[in-house]
Amino acid sequence: MSIMQVNPTRMELTRLKNRLKVARRGHKLLKDKRDELMKQFLEIVKENKELRETVEKMMAKVNERFLIARAIMSTEFFGEALMFPKQKIALSTGTNNIMGVEVPVLNFTTEGTDVSNVYPYGFATTSGELDGAVKTLTEVFPYMLKLAQIEKTVQLLSEEIEKTRRRVNALEYVLIPQLTETIKYISMKLEENERGNLIRLMKVKDMMLEQAHQYKARQA
């Protein structure tokens, strides 16, 4: 690990020690955030899997009933029956915060005179299979909306986990070791300078003592 290009001074040593302390604290916080994000991510992925299986089963049932209804009914009556929907859906969006990640929240309201009546046709010229398909499609819509919300949440959380993981690795394997090595280098340099100064002081002291001794010898 290469050291930073800095001047080996006590002021720089103090600055780097403070920076190392902040880096270690940030590393711990980011690791905690990553672990909590992973925990919530796995829980949401499990919910996503179960919800997707539910939606796929219901949509398979819808498709099957539509196919049977189309086989029984004439093309003209089939098209006319579904041409004018009886209800409208109003979609509203919001956000929720998960560990600093803004994830979407989707809600809907049904607009119509009778929310329980979802059939946009009379029953005289249609089949029971079409009724079942429309009813199941109405029931599956909230699940589909929830599935869209969860899958977008999974995507956003996975991106945040990856960014947090890169930051943790950068601190753990690059910045913290680099700061540690640089602090070690500066400390060694300062100790070396102190030993050099001490040796010089001892030599000056010996020279002064020697000069004082010679001066006393001449006086005697």
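The values are calculated or read from the model by the stated rules, or taken from the named source; none is laboratory data. Treat the numbers as computed from the prediction; the structure is a model and nothing was measured. Backbone-built Cβ (ideal geometry, glycine too); neighbour counts: all protein chains shown.
For residue 190, are the conditions met, namely being modelled with pLDDT under 75 and more than 23 Å from the chain's Cα centre (by Cα)?
no
Limited to the stretch 163-210, what total is found for residues that are small (Gly, Ala, Ser) and in contact with a Leu (Cβ under 9 Å, 6 or more places away or on another chain)?
1
Does at least one position in the stretch 1-14 carry a residue that is aliphatic (A, V, I, L, M) and modelled with pLDDT of 85 or more?
Yes, because at least one residue in the stretch 1-14 is aliphatic (A, V, I, L, M) and modelled with pLDDT of 85 or more.
What pairs can you find where one residue is in the stretch 1-16 and closer than 17 Å to residue 191 by Cβ, the other is surrounded by 13 or more Cβ atoms within 10 Å (Cβ to Cβ) and not charged (D, E, K, R), and their Cβ atoms are less than 6 Å apart, with a gap of 6+ or different chains?
Matching pairs, first to second residue: 3/182; 3/185; 8/186; 12/6; 13/186; 16/179; 16/182; 16/183.
If you take the residues in the stretch 84-110 that are more than 30 Å from residue 38 (Cα to Cα) and surrounded by 10 or more Cβ atoms within 10 Å (Cβ to Cβ), which one is modelled with the highest pLDDT?
It comes out as 109.
If I ask for residues that are within 14 Å of residue 173 (Cα to Cα) and in contact (Cβ under 8 Å) with a residue 12 or more places away in the chain, which ones from the stretch 17-29 would you list? Show your work before the answer.
Our first condition is that a residue be within 14 Å of residue 173 (Cα to Cα); within the stretch 17-29, this holds for 20, 23-24, 26-28.
20, 23, 24, 26, 27, listed by residue number.
Residues in the stretch 69-101 that are in a loop (DSSP other than H, G, I, E, B) and touching a Ser or Thr at 6+ places or on another chain (Cβ under 6 Å): how many?
Selection size over the stretch 69-101: 2.
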